[in-house]
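One structure is given below, encoded as structure tokens.
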Amino acid sequence: MNIEQVRSLFPITKEVIYLNSASQAPLNTRVYDRLQDHLKTELNPLEKKAFLRENVRVLLSKILGGSPEEYALVTSTGVGIGIVAQGLNLKKGDNIVIPEREHWNNTFPWLQLEKKGVEIRFAKINEDNSIYPEAIEKLVDYKTRVVAIAAVRFNSGFRPALQAIGKIAHHKGALFVVDVAQAAGMIPIDIEMDQIDVMAGCGFKWLLGMHGTGFLYVSKRAQKIIDPVLPGMFAAETRHDELSYYDNSRKYETGTIAYSLFNAWSAGLELLLELGVKNIYEKALENTDLIIEGLQEQGYQLQTPIKEREERTAIVHFNAGSLDATKNLYQKLTEAKVLTTLQGENIRVSPNFFTTKVEIDTFLGLL
């Protein structure tokens, strides 16, 4: 599939320069068409077919690794991590290690456990917004039950060394929990090599779905120690007056989800498989090579670590030196129909595989 064919799937590319995939993937026509097909069956139930949750689990396992039985369908990253935080039954004296300034979906579920006496330890990030395994290792001991981290940090685009951090967690017997909201579908993920026990993510960013779709991966090892906390009819065998959980990650599912959205999402996952995440990642680095070089030439202040290429992703943060100047620049870009995100004191730029060099040149020219 060439770039023209790819861009034809994203109508937004005819209207604006879309550099905002870290916020939300623009709707593509395959997902839209799948959604419309589903809605038509709601108009005429005679044509309606049962939604097969297994189809989405299979697609997720092909993209992210693991087996379909290790995936539960949930509505968001926060819901997935929240299920794990409550299901671990942690107690006073236990501790959890997290880098500071993580996304709220990977802090609030753990901070809520402080009322049980669980200690939350925040690892310091470096001045350039990177974080290295050593900072986490200093805080991990034999009372650490969880090491939690984002595979890509939302506020810098930094990609931490998951494999090294996973080894640190397992050396002390802790679970390794990874928030992949800003990673899944954009960077290659190797569950086994990175020693990931639990992984939660959403569908509406790099996985080309819509809000209300998400997943929770729980390895076979972790399933033995994480209890279900909100069991519904899809978590167990449908026996009357008896609760017999499924012997896999389905036990973390609850009741009915938005089948229309999940069914449509499957078309986005199929597109990712067609394109290949490895190819998408290579394109991400090509795009950000151009953006970083252009920003440096013009003297803008980068807030994304760029020292090591393998630590980079499709996300670049920068500012214009002051909050007012940055806000004015963001407004200028928006008026020129270049969509980015104003996040805190920085502008976040997140191109995708449908972004062209001409669009990046236009963005840089506006600066």
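Read-outs: derived from the displayed coordinates by stated rules, not from any lab. Because the structure is predicted, anything quoted here is derived from the model rather than measured. Here the Cβ positions follow ideal geometry from the backbone for every residue, glycine too, while neighbour counts run over all protein chains shown.
Using only the Cα atoms of the stretch 44-137, what semi-axes does the equivalent ellipsoid have when each is the square root of 5 times a gyration tensor eigenvalue? Give whole Å, largest first.
Numbers: eigenvalues 241, 66, 31 Å².
Gyration-tensor ellipsoid for the stretch 44-137: 35, 18, 12 Å.
May I ask what percent, to the nearest 5, of DSSP beta bridges between residues of the chain are antiparallel?
Details: 18 of 38 bridges.
So the antiparallel bridges in the chain amount to around 45 percent.
How far apart, in nanometres, would the label points at GLU127 and TYR245 be if each is projected 7 angstrom from Cα along the Cα-to-Cβ direction?
Roughly 4.8 nm, to one decimal.
How far is the Cα center of the stretch 35-114 from the Cα center of the stretch 126-161, in Å?
Centre-to-centre (Cα) distance: 22 Å.
Which whole-number percentage describes the relative contact order of the chain, with Cα contacts under 8 Å and a sequence gap of 6 or more?
22 percent
Under the 0.36 nm per residue contour assumption, what length would be gained going from the current alpha-carbon distance of ASN328 and GLN296 to full extension?
Values: separation 32, 0.36 × 32 = 11.52 nm, distance 1.92 nm.
Separation in residues times 0.36 nm, less the Cα-Cα distance, equals 9.6 nm.
How much length is gained on full extension from LEU366 to LEU230, taking 0.36 nm per residue of separation minus their Cα-Cα distance? Display every interim value, and only then the final one.
Numbers: separation 136, 0.36 × 136 = 48.96 nm, distance 4.98 nm.
So the chain would gain 44.0 nm between LEU366 and LEU230.
Tell me, what is the FRET efficiency for LYS357 and LYS40 to the nearest 0.05, using R0 = 30 angstrom and their Cβ-Cβ distance as r? It would help to have the intermediate numbers written out before the result.
Details: r = 40 Å, r/R0 = 1.32.
My answer for the efficiency is 0.15.
Given a Förster distance of 41 Å, report the FRET efficiency between GLU100 and GLU54 from their Cβ-Cβ distance, rounded to the nearest 0.05. Let's see the in-between values first.
Working: r = 39 Å, r/R0 = 0.95.
Plugging the Cβ-Cβ distance into 1/(1 + (r/R0)^6) gives 0.60.
Testing the spin-label approximation: label points 7 Å from Cα along Cα→Cβ at HIS171 and LYS337. State their distance in nm.
The answer from the label model is 5.4 nm.
Sort 236-246, 107-117, 210-220, 177-187 by the packing proxy (mean of other Cβ within 10 Å over each peptide's residues), most packed first. Intermediate values should be presented prior to the final figure.
Working: 236-246: 10.3, 107-117: 15.2, 210-220: 22.6, 177-187: 27.6.
Averaged packing, sorted descending, gives the order 177-187, 210-220, 107-117, 236-246.
Between ASP141 and ASN89, what is the FRET efficiency for a Förster distance of 22 Å, r being their Cβ-Cβ separation, to the nearest 0.05?
Details: r = 20 Å, r/R0 = 0.89.
Efficiency computed from Cβ-Cβ geometry: 0.65.
Using only the Cα atoms of the chain, what do you get for the radius of gyration and for Dmax, in Å?
In Å, with Rg to one decimal and Dmax whole: 21.0, 69.
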